[in-house]
Amino acid sequence: LGTALGPLLLARHLFTLWAWLVVRLLETVEDHSGYELPWNPTNLIPFWGGAVHHDFHHKEFDGNYASVFTIWDRVFGTDKAFRAAQAA
């Protein structure tokens, strides 16, 4: 529902809805693949969580709630365990 609600309310053209759904689908596949591919263009986005960030979310079930805008996890402190695990 969250993926489609924004475009359904704000999209003025069917192409916009389809483009948004394709982007979200690709993001979901990447996050759940479990692989950090070095040639992936999302590696250029500094706040992109990626598969490692998302896998930790599924491992701990407490934290790393953002899949793309991970800055919010840092702002609200919900990624402290993830950052500690990455530093170790």
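The values are calculated or read from the model by the stated rules, or taken from the named source; none is laboratory data. Just so you know, these numbers come straight off a predicted model, no measurement behind them. All Cβ positions, glycine included, derive from the backbone under ideal geometry; neighbour counts span all protein chains shown. Accessible surface areas use protein heavy atoms only, side chains included; no ligands, DNA or RNA. Shrake-Rupley method; radii C 1.70, N 1.55, O 1.52, S 1.80 Å.
Observations
- Residues of the stretch 46-58 classified as surrounded by fewer than 13 Cβ atoms within 10 Å (Cβ to Cβ) and either outside any loop (DSSP other than H, G, I, E, B) or within 11 Å of the chain's Cα centre (by Cα) (or both), total: 2
- Filtered by the rule that a residue be assigned to a helix (DSSP H, G or I) and open to solvent by less than 80 Å² (accessible area, probe 1.4 Å), the stretch 7-21 gives Pro7, Thr16, Leu17, Ala19, Leu21.
- Residue count for the stretch 62-88, restricted to those that are assigned to a loop (DSSP other than H, G, I, E, B) and charged (D, E, K, R): 2
- When the stretch 29-45 is limited to residues that are assigned to a helix (DSSP H, G or I) and free of Cβ contacts under 8 Å to residues at least 24 places away in the same chain, the one that is most open to solvent (accessible area, probe 1.4 Å) turns out to be Leu44.
- Test for Phe69: is it free of Cβ contacts under 8 Å to residues at least 40 places away in the same chain and surrounded by 11 or more Cβ atoms within 10 Å (Cβ to Cβ): yes
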